[in-house]
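Let me begin by presenting the structure, written as structure tokens, before commenting on it.
The values are calculated or read from the model by the stated rules, or taken from the named source; none is laboratory data. None of the values given here were measured: they were computed from a predicted structure. Cβ coordinates were reconstructed from backbone atoms using ideal geometry, including for glycine residues, and neighbour counts include every protein chain displayed. Quick note on the areas: whole protein, heavy atoms, side chains included, nothing else; ligands and nucleic acids left out. Shrake-Rupley method; radii C 1.70, N 1.55, O 1.52, S 1.80 Å.
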Amino acid sequence: MTQSTDIVFVNPNSTQSMTDKIVSSANSALNNRRNVTGVTCFGAPSAIQGPIDAEKAKPILFSNLKEAEKAKSKLAVIACFDDPFLLEARRTISIPTIGIGWAAFTMCSLYADKFGVITTVSEAIPVIEDNLRNYGLLDKCSFVHASNIPVLDFENKPKETKVKMREIIHSLLREYSIGSIALGCAGMAHLAKPFSKEFNMPVVDGVYAAALLGEGMLAVPNG
């Protein structure tokens, strides 16, 4: 059973190294002010790259969310940028539940009137656009761009993917006038700080954003 915690990040894929990276990013955001744990959905696909992978992961994801609920964790975060089944989870899980995509969009919209999203593969674009529409933020998003970098490449080829992402951002900033960028994959978390400095604008990692917004949620009395 999931140990009771302040914020539990449920990684819908089965890659433990990504869960470790998620927890590290969350702890960095919170400076260890909150008890954070991560849960890996063993038995799910190794990466969530579109609706088919999400459907395969769904039963394991919800099993882990229910375990967090039973353990009386204070807040759950679905740690996949596509926010798979987030709205369903919010209807059926009793503890507050947010997604890293939603958190990143929200943070970007607070920084700027217009923001952009860089995701992994093209299959994720319609999912992210639907989420933005459901969250009422589509009109603030200038683009959802696929990097065409597979999720696990950010784990296995960090130097190469950083170079490619830098080139993509340079190209997009020549085309669009935006004030912030959401990195559309938890595996991109390590790029947020260096790219924020390099491009002189907020480059937002969804895990970092979810940790900070989650801490804010927990600070508000809820009866």
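Details
- Residues that are polar (S, T, N, Q) and loosely packed, with under 15 Cβ neighbours inside 10 Å were ranked within the stretch 174-221; the one that is farthest from the chain's Cα centre (by Cα) is Ser177.
- Filter result for Met107 (under 13 Å from the mean Cα position of the chain (by Cα) and open to solvent by 20 Å² or more (accessible area, probe 1.4 Å)): yes
- Entirely in the stretch 1-110, the helices (runs of 4 or more DSSP H) that have 1 or more residues that are at pLDDT below 95 and under 21 Å from Met188 (Cα atoms): 16-30, 51-70
- All of (1) open to solvent by less than 30 Å² (accessible area, probe 1.4 Å); (2) closer than 25 Å to Phe105 by Cβ hold for Ala71 with one exception: (2).
- Hits in the stretch 128-163 - residues which are out of contact with any Gly (no Cβ under 9 Å at 6 or more places or on another chain), surrounded by 14 or more Cβ atoms within 10 Å (Cβ to Cβ) and among the charged types (D, E, K, R): Glu129, Lys140, Lys157, Lys162
- If the condition is being of a type outside the set (Gly, Ala, Ser) and surrounded by fewer than 24 Cβ atoms within 10 Å (Cβ to Cβ), then the stretch 110-121 contributes Leu110, Tyr111, Asp113, Lys114, Ile118, Val121.
- Yes/no for Ser147 being out of contact with any helix residue (DSSP H, G or I) (no Cβ under 6 Å at 6 or more places or on another chain), touching a residue at least 12 places away in the same chain (Cβ under 8 Å), among the hydroxyl-bearing types (Ser, Thr, Tyr) and more than 26 Å from Leu30 (Cα to Cα): no
- Tallying residues that are closer than 26 Å to Gln16 by Cβ, in contact with a helix residue (DSSP H, G or I) (Cβ under 8 Å, 6 or more places away or on another chain) and in a helix (DSSP H, G or I) within the stretch 150-172 yields 8.
- Residues in the stretch 131-146 that are assigned to a strand (DSSP E or B) and among the hydrophobic types (A, V, I, L, M, F, W, C) were compared, and the one that is farthest from Ile169 (Cα to Cα) is Cys141.
- Ala209 on the phi < 0 side of the Ramachandran plot and at pLDDT below 95: no
- Scan of the stretch 173-193 for residues that are in a helix (DSSP H, G or I), under 20 Å from Asp20 (Cβ atoms) and touching a residue at least 12 places away in the same chain (Cβ under 8 Å), ordered by number: Ala186, Gly187, Met188, Ala189, His190, Leu191, Ala192
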